[in-house]
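The values are calculated or read from the model by the stated rules, or taken from the named source; none is laboratory data. Note that the coordinates shown come from a computational prediction; the quantities given were computed from them, not determined experimentally. So basically every Cβ, Gly included, is an ideal-geometry build from the backbone, and we count neighbours across all protein chains shown.
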Number of protein chains: 2
Amino acid sequence: MTVITSLHELQTGRVNLAEPVGFVPTMGYLHAGHLSLVQRARQECASVVVSIFVNPAQFGPNEDLDKYPRNLSRDLEMLAGAGVDLIWTPTAEVMYPSDFQTWVTVEGLSQPLEGIVRPDHFRGVATVVTKLFNAVQPQKAYFGQKDAQQVAVIRRMSRDLNFPVEIIVCPTVREPDGLALSSRNTYLSPDERAAATILFRALSAAEAVFKNGERNADAIRGVMLEILQAEPLAQAQYVSCADYDTLDELKMIRGRALLSMAVFLGKTRLIDNRILEET
Amino acid sequence: MTVITSLHELQTGRVNLAEPVGFVPTMGYLHAGHLSLVQRARQECASVVVSIFVNPAQFGPNEDLDKYPRNLSRDLEMLAGAGVDLIWTPTAEVMYPSDFQTWVTVEGLSQPLEGIVRPDHFRGVATVVTKLFNAVQPQKAYFGQKDAQQVAVIRRMSRDLNFPVEIIVCPTVREPDGLALSSRNTYLSPDERAAATILFRALSAAEAVFKNGERNADAIRGVMLEILQAEPLAQAQYVSCADYDTLDELKMIRGRALLSMAVFLGKTRLIDNRILEET
């Protein structure tokens with residue numbers, strides 16, 4: 001397991017990796033969700049590269065860039081024994097030199113949901129993933145379904161820009177009580193942590209009424225909102241029932257729909273989602 | 001020499017090419033300038049790929065997309081015997097499917113000069129070059145100095161996005177009387193063609209006063225403008241003396257400067273440039 005910071009060392013190291021190369025981009029402070037991506041890459045690829053980079057370009061001016069949790073030695077410990085060949089930990093100066101000026105924008109899919117409250121977020125994501133793909137040159141790249149809109153943006157970007165990279169989406173890993181794993185869970189107080197299961201419960205309730213035949217999207221959103229509103233520590237920012245491919249809000253569910261939400265627990269903003277599919 | 005239209009065939013064909021692969025992206029209607037790029041690629045690389053694609057995304061709504069000259073059989077004839085391994089001629093539908101929505105923007109360098117009169121031009125260029133690079137995966141890519149701002153944009157984009165592609169810039173090829181080769185020269189009437197040497201003459205005069213010690217950028221621009229204004233068939237759109245790297249307009253020339261201009265001959269818009277360098 002080699003840890004590398006410069007782009008040049010990465011490119012040199014990349015030459016000697018057996019192909020196919022599987023790639024897991026992360027912002028560090030790893031949890032079992034990240035490890036599930038690494039494990040899947042290990043199963044499917046001859047080599048595995050992990051990047052650890054807290055990407056400033058995907059944080060808004062009032063977001064948590066400075067306090068975002070970082071602990072490289074803890075991350076390296078978690079990855080030891082996971083079969084990773086190469087870990088790339090570039091600095092912000094390597095990724096964004098002072099005269100940096102090139103941006104990748106996925107126009108439609110970046111606008112709704114997270115895009116409304118985080119206007120430049122997906123521009124930052126698409127740009128850094130382009131840079132990471134070009135530097136690492138993987139055959140396969142692994143992302144978690146937890147960040148559903150990010151997955152939609154990256155799949156579209158990869159197709160639109162002809163990246164020769166297969167995008168593989170892995171299931172959200174959850175705590176036993178249903179809370180989706182996230183590096184931001186570390187911000188939660190004990191009371192907020194207990195209340196944070198409300199996202200999972202709202203999504204599960206919506207899925208239950210869907211399975212009972214409900215197809216009206218307003219009714220589905222209503223089920224989620226009602227549950228969220230019953231939790232005094234939770235403040236919903238949005239609740240969505242959208243087309244899986246376009247992310248357009250639906251009136252009636254046909255085919256695949258994406259339920260998603262952003263909810264504040266105190267100052268901590270959590271997101272979660274569920275895919276509904278007619279069988 | 002294999003001619004391929006689909007992305008899938010290109011990717012299949014690419015696997016069997018000896019590396020390094022040299023790539024010459026073109027909009028077709030080839031001339032000796034394009035052939036000089038192919039020749040250089042042939043000298044430096046084990047395989048050569050040429051793309052022919054009139055990229056709609058780099059034409060403005062009132063520009064010459066529809067009448068831009070096209071003649072594939074003539075292009076293929078010119079490339080026969082040039083040592084090209086693979087020619088990719090994608091359709092607009094392959095490159096821009098109806099739900100295409102991802103754009104690459106080089107912010108600063110796209111704005112001055114051509115960017116003022118062609119606001120989305122370099123977004124179209126940067127996006128198509130990203131797509132072509134990802135599809136062809138060359139080790140080296142060849143561009144003509146004739147399109148000086150395009151070269152600046154692509155070099156910056158390639159560096160900013162970590163493309164593992166060496167950008168090689170080749171000298172402008174000219175007619176014996178100095179006119180820079182361009183597919184658009186075919187639009188010129190005989191009178192306009194005769195008057196079109198005015199761009200070369202203005203640049204040469206500016207270089208001469210520079211070599212005589214003139215460093216004031218306004219004086220240099222003045223020399224070019226005066227010559228252009230003396231030609232009744234020519235109408236200058238802009239005349240620039242800018243920093244070579246940033247494209248910012250200069251007051252005084254220090255280091256490398258880019259002289260450039262856009263001039264109408266009737267309805268035909270021609271560009272040309274010259275690099276000035278203190279020795």
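Structure values in brief
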item: Search result, residues across region A:123-167 that are in contact with a Gly (Cβ under 8 Å, 6 or more places away or on another chain) and within 20 Å of A:Trp88 (Cβ to Cβ); result: A:Pro138, A:Gln139, A:Lys140, A:Ala141, A:Tyr142, A:Gly144
item: Search result, residues across region A:223-233 that are touching a helix residue (DSSP H, G or I) at 6+ places or on another chain (Cβ under 9 Å) and not β-branched (Val, Ile, Thr); result: A:Met224, A:Leu225, A:Glu226, A:Leu228, A:Ala230, A:Glu231, A:Pro232, A:Leu233
item: Residue that is farthest from the other protein chains (Cβ to nearest Cβ) [pool: residues in region A:111-141 that are touching a helix residue (DSSP H, G or I) at 6+ places or on another chain (Cβ under 9 Å) and of a type in the set (S, T, N, Q)]; result: A:Gln111
item: Test for B:Glu166: is it surrounded by fewer than 19 Cβ atoms within 10 Å (Cβ to Cβ), more than 14 Å from chain A (Cβ to nearest Cβ) and either touching a strand residue (DSSP E or B) at 6+ places or on another chain (Cβ under 6 Å) or closer than 26 Å to B:Leu86 by Cα (or both); result: no
item: Residue identified as farther than 23 Å from B:Val125 by Cα and outside the structural domain of B:Thr127 (by TED's automatic domain parsing) among B:Ala236, B:Ala242, B:Ala262; result: B:Ala236
item: Pairs where the first residue, in region B:99-120, is modelled with pLDDT of 95 or more and of a type in the set (Asp, Glu) and the second is surrounded by 14 or more Cβ atoms within 10 Å (Cβ to Cβ) and part of a loop (DSSP other than H, G, I, E, B), C-beta under 7 Å, 6+ apart; result: B:Glu107/A:Gln101
item: Subset of region B:258-279 (residues that are more than 18 Å from the chain's Cα centre (by Cα) and surrounded by 14 or more Cβ atoms within 10 Å (Cβ to Cβ)); result: B:Leu265, B:Gly266, B:Leu276
item: When residues of region B:169-198 are limited to those that are farther than 23 Å from B:Met27 by Cα and in contact with a helix residue (DSSP H, G or I) (Cβ under 8 Å, 6 or more places away or on another chain), the one surrounded by the most Cβ atoms within 10 Å (Cβ to Cβ); result: B:Ile198
item: Segments classed as helices (runs of 4 or more DSSP H), wholly inside region A:1-83, with at least 1 members that are under 20 Å from the mean Cα position of the chain (by Cα); result: A:32-44, A:72-79
item: Where B:Asp160 falls short, out of the listed (1) touching a Ser or Thr at 6+ places or on another chain (Cβ under 7 Å); (2) closer than 26 Å to B:Glu44 by Cβ; (3) more than 12 Å from every other protein chain (Cβ to nearest Cβ); result: (3)
item: Members of region A:228-245 that are out of contact with any Lys or Arg (no Cβ under 6 Å at 6 or more places or on another chain) and surrounded by 15 or more Cβ atoms within 10 Å (Cβ to Cβ); result: A:Leu228, A:Glu231, A:Leu233, A:Ala234, A:Ala236, A:Gln237, A:Tyr238, A:Ser240, A:Ala242, A:Asp243
item: Members of region B:41-60 found to be of a type in the set (A, V, I, L, M, F, W, C), over 16 Å from B:Ser183 (Cα atoms) and surrounded by 18 or more Cβ atoms within 10 Å (Cβ to Cβ), listed by number; result: B:Ala41, B:Cys45, B:Val48, B:Val49, B:Val50, B:Ala57
item: Selection from region A:144-168 of residues that are in contact (Cβ under 8 Å) with a residue 12 or more places away in the chain, of a type outside the set (Gly, Ala, Ser) and farther than 21 Å from A:Gln111 by Cβ; result: A:Phe163, A:Pro164, A:Val165, A:Glu166, A:Ile168
item: Residue in region B:61-81 that is surrounded by 14 or more Cβ atoms within 10 Å (Cβ to Cβ), modelled with pLDDT of 95 or more, farther than 13 Å from B:His121 by Cα and among the small types (Gly, Ala, Ser) present; result: no
item: Residues within region B:197-234 that are under 17 Å from B:Ala180 (Cα atoms), of a type outside the set (A, V, I, L, M, F, W, C) and in contact (Cβ under 8 Å) with a residue 24 or more places away in the chain, tallied; result: 3
item: Filter result for B:Thr172 (within 14 Å of chain A (Cβ to nearest Cβ), more than 14 Å from B:Asn55 (Cβ to Cβ), touching a residue at least 12 places away in the same chain (Cβ under 8 Å) and of a type in the set (Ser, Thr, Tyr)); result: no
item: Test: residue in region B:122-139 that is charged (D, E, K, R), outside any helix (DSSP H, G or I) and assigned by TED's automatic domain parsing to the domain that holds B:Ala41; result: no
item: Qualifying positions in region B:86-110 - more than 7 Å from every other protein chain (Cβ to nearest Cβ) and either of a type in the set (S, T, N, Q) or in a helix (DSSP H, G or I) (or both); result: B:Thr89, B:Thr91, B:Ala92, B:Glu93, B:Val94, B:Met95, B:Ser98, B:Ser110
item: Whichever residue in region B:22-79 is in contact (Cβ under 8 Å) with a residue 12 or more places away in the chain and of a type in the set (Ser, Thr, Tyr) and, among such residues, is nearest to B:Leu188 (Cα to Cα); result: B:Tyr68
item: Condition met for A:Ala262 (of a type in the set (Gly, Ala, Ser), in contact (Cβ under 8 Å) with a residue 60 or more places away in the chain and part of a strand (DSSP E or B)); result: yes
